[in-house]
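Visitor: One structure is given below, represented as structure tokens, and several questions about it will come after.
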Amino acid sequence: MKNMEKVFQALASGVRRKILAYLSATSLTAGEIAARFDISKPSLSKHLGILENAGLIEGEKKGQYIHYNLVRDNLVNTLHSYVQDVCPVARPIKKESKAKAAQKSRRNQ
């Protein structure tokens, strides 16, 4: 649940949501991202750090630059888990799934 909280805190910022949108189709360096915003480099660095800490983006050093990419699986899995928790239709399904997992676990012991 803690990771989910980090994700939603990261998504609370319009700047961070725009960064995710810019990274949706390609990787970008911090400089390329900064060129799209009217904010200071330390502020951008803080936003990138929050997104990385939430597991939504990752940086990969290529030469002297860090290229940022979306971590698609983490965002999708977090949002899917959230929807399952709040969607009334999913609750019984999730409960059934947990019961099946418990049955399998008991059989394997």
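Bear in mind that the values in this text are calculations on the coordinates, not laboratory data. Just so it is clear, the model here is predicted, and its values are computed rather than measured. In this analysis, Cβ positions are derived from the backbone assuming ideal geometry, glycine residues included, and neighbour counts consider all displayed protein chains.
Visitor: Residues E58, E52: which one is free of Cβ contacts under 8 Å to residues at least 24 places away in the same chain, touching a Gly at 6+ places or on another chain (Cβ under 7 Å) and not hydrophobic (A, V, I, L, M, F, W, C)?
Guide: Selected residue: E52, the only one of E58, E52 that is free of Cβ contacts under 8 Å to residues at least 24 places away in the same chain, touching a Gly at 6+ places or on another chain (Cβ under 7 Å) and not hydrophobic (A, V, I, L, M, F, W, C).
Visitor: Being of a type in the set (S, T, N, Q) and without any contact (Cβ under 8 Å) to a residue 24 or more places away in the chain is the filter; apply it to segment 25-42 and report the residue that is farthest from V71 (Cα to Cα).
Guide: The qualifying residue farthest from V71 (Cα to Cα) is S40.
Rundown of residues vs (1) more than 30 Å from D85 (Cα to Cα); (2) small (G, A, S); (3) in a helix (DSSP H, G or I), yes/no style:
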residue	(1), (2), (3)
N3	no, no, yes
V7	no, no, yes
A10	no, yes, yes
R17	no, no, yes
L20	no, no, yes
E32	yes, no, yes
S43	yes, yes, yes
I50	no, no, yes
E60	yes, no, no
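Visitor: Right, something else. Which one of I19, I66 is among the β-branched types (V, I, T), surrounded by 14 or more Cβ atoms within 10 Å (Cβ to Cβ) and in contact with a Ser or Thr (Cβ under 7 Å, 6 or more places away or on another chain)?
Guide: I66
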